[in-house]
Amino acid sequence: MTISIAVAIGVFFGIAIRQWLPQQVRIWHIMLAGAVIVLVFRQITPSEAWNAVDWNVVGYLFGVFSVAEALYDSGLPHKVSGMIIGSATGLARSLVLFMVIASLAAIVLTNDAAAVIGTPIALSVALAFRIRPAVPLIALCVMVTISSMMSPVGNPQNILIVADGHFSNAIGTFAAWLTVPTVISLAFAFIWMLFCLRCENPVDRDSNSLPNPTQQTAWPAYLSAALLIFLVTMDSLFPIVSLPLGLVSLIACAPLYLFSPHRLSLFRAVDWHTLVFFVAMFIVTGAVLQSGALQSMLGDWHAMLDDPWVVAVLGFWGSQLFSNVPVVEIYLNLATNSDVSTLMLLAAMSTLAGNLFIISAASNVIIVQQAEKFGFEPFTFWEFTRLVCPVAIVSIALTYGWIVWLMPVILAG
């Protein structure tokens with residue numbers, strides 16, 4: 001076993017046991033430590049580390065974090081949560097509205113953006129119904145993960161697949177192959193998460209509260225949010241003039257830093273810890289690739305990378321160790337010619353992998369760190385796995401059966 005593989009495994013288990021570590025230790029600390037170790041032990045050179053980082057993803061997240069912070073400061077999450085709670089007569093209806101809003105945000109703006117925008121809403125719902133933040137936050141994780149599966153811009157790994165697959169109609173392709181399993185999986189997730197929420201015991205609603213927004217100069221935030229939605233949508237509908245998603249996000253957040261009088265405080269409020277996490281994650285996975293150990297471990301599987309069961313196993317379980325974005329990037333580099341069904345299965349399995357461990361999806365990490373940023377205690381590693389495991393089993397089985405067995409019959413008919 002190479003040092004880089006050992007570090008990757010160590011990072012995984014470090015995050016898994018974080019609840020027993022000192023409270024000051026955060027997820028980004030563990031990942032950063034892993035990156036420092038692979039650099040110190042020369043598993044990857046500084047120049048190789050720089051090239052291993054997907055700066056397009058980092059740029060996208062910076063823009064999204066900027067827009068989300070500005071929207072929070074404008075009071076939008078408070079208004080949305082007020083609408084959800086005020087227009088609903090109970091927990092079930094509130095969860096439905098929350099699910100619809102979070103899912104639409106994930107479909108249009110990617111799951112990472114939905115995670116940033118949805119976290120304060122989930123916390124507000126928890127405060128309103130006097131329940132722990134853990135279950136509403138886990139519900140948010142589940143919703144943005146599943147719903148992002150059916151959109152070509154729903155998550156970064158789908159964007160990588162679209163770029164590699166050369167789809168003539170990316171929106172139509174993803175909708176045709178993945179809408180049915182997405183909708184059914186969301187329905188099951190709603191039933192299960194509602195059950196989990198109703199099992200929660202009431203807590204002191206005054207134990208914590210969200211910081212109050214300033215609600216000053218809100219129009220740059222709304223302009224940037226509208227630009228982000230417009231540019232991401234146009235980027236997907238017209239791939240001929242496709243722009244890198246990172247550039248799209250930076251263009252969208254430009255009005256904030258050009259016109260907002262609070263630009264400096266906004267810049268400081270960006271979730272830099274999560275950005276550090278992502279940079280460190282790319283360095284660790286880059287070191288694993290550089291070592292060649294992963295290719296050796298695949299062995300005879302390398303020649304079977306287009307087989308459905310291999311795609312499902314590697315896409316799902318590989319994402320547990322390395323997170324789904326690096327796994328898809330690695331897979332696309334190692335695979336030969338993949339057809340549409342293979343790419344759809346890769347998109348689905350790597351996305352749904354996020355519903356097992358915290359580290360399996362970037363959106364999970366974002367939600368944890370956003371909740372901690374607001375001063376709330378989120379869910380633990382094993383609490384997350386325990387609550388989402390039924391959703392993972394049902395959605396994986398359903399989606400695999402739909403893509404591998406039912407879609408070929410429908411297309412042949």
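No value in this document is a laboratory result; all are computed from the given coordinates. If you're wondering where the values come from, they're calculated on a predicted model, not measured in any experiment. Please note: Cβ atoms are built from the backbone with ideal geometry, for glycine as well, and neighbour counts cover all protein chains shown.
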Worksheet item: Of the residues 201, 355, 155, which exhibits the maximal mean-square fluctuation in a Gaussian network model of the chain defined by a 10 Å Cα contact cut-off?
Response: 201
Practice prompt. Choose one answer from 349, 83, 150: the residue with the largest mean-square fluctuation in a GNM of the chain with alpha-carbon springs under 10 Å.
Written response: 83
Worksheet item: For 235, 112, what ranking results if the residue with the fewest other Cβ atoms within 10 Å of its Cβ goes first?
Response: 235, 112
Worksheet entry | Theoretical gain in end-to-end length, residue 320 to residue 382 [0.36 nm per residue, Cα-Cα removed] | 21.0 nm
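Do you know the relative contact order of the chain, to the nearest whole percent, from alpha carbon pairs under 8 angstrom that are 6+ apart?
That works out to 27 percent.
Just how large is the dipole of the chain about the Cα centre, in debye to the nearest 20, putting +1 at every Lys and Arg Cβ and -1 at every Asp and Glu Cβ?
With only Lys, Arg, Asp and Glu charged at Cβ, the dipole is about 880 debye.
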Fill in: Proximal charge balance of residue 266 [Cβ under 9 Å; K/R count +1, D/E count -1]
0
Discussion item. Along each principal axis of its Cα atoms, how long is the chain end to end? Whole angstroms, biggest number first, please.
Written reply: 57, 57, 46
Worksheet item: For the charge dipole of region 3-412, defined by +1 on Lys and Arg C-beta atoms and -1 on Asp and Glu C-beta atoms about the Cα centroid, which residue among 259, 121, 33 has the Cα displaced farthest towards the positive pole?
Response: 121
Practice prompt. Compare the Cα positions of 49, 278, 358 along the charge dipole of the chain (+1 at Cβ of Lys, Arg; -1 at Cβ of Asp, Glu; about the Cα centre) and return the one farthest towards the positive end.
Written response: 358
Practice prompt. Work out how much length residue 339 to residue 96 would gain on full extension: take 0.36 nm times their residue separation and subtract the Cα-Cα distance, in nm to one decimal.
Written response: 83.9 nm
Practice prompt. Go through 325, 4, 142 and say which Cα lies farthest out towards the positive end of the charge dipole of the chain; charges sit on Cβ, +1 for Lys and Arg, -1 for Asp and Glu.
Written response: 142
Worksheet item: Length gain on complete extension for the stretch residue 83 to residue 230, per 0.36 nm per residue less the alpha carbon to alpha carbon distance?
Response: 50.5 nm
Item to complete: Rounded to the nearest Å, what's the spacing between the alpha carbon centres of region 340-413 and region 3-60? Just the number, please.
Response: 22
Worksheet item: Taking the chain as a Gaussian network, Cα atoms linked when under 10 Å apart, which of 12, 167, 282 shows the biggest mean-square fluctuation?
Response: 167
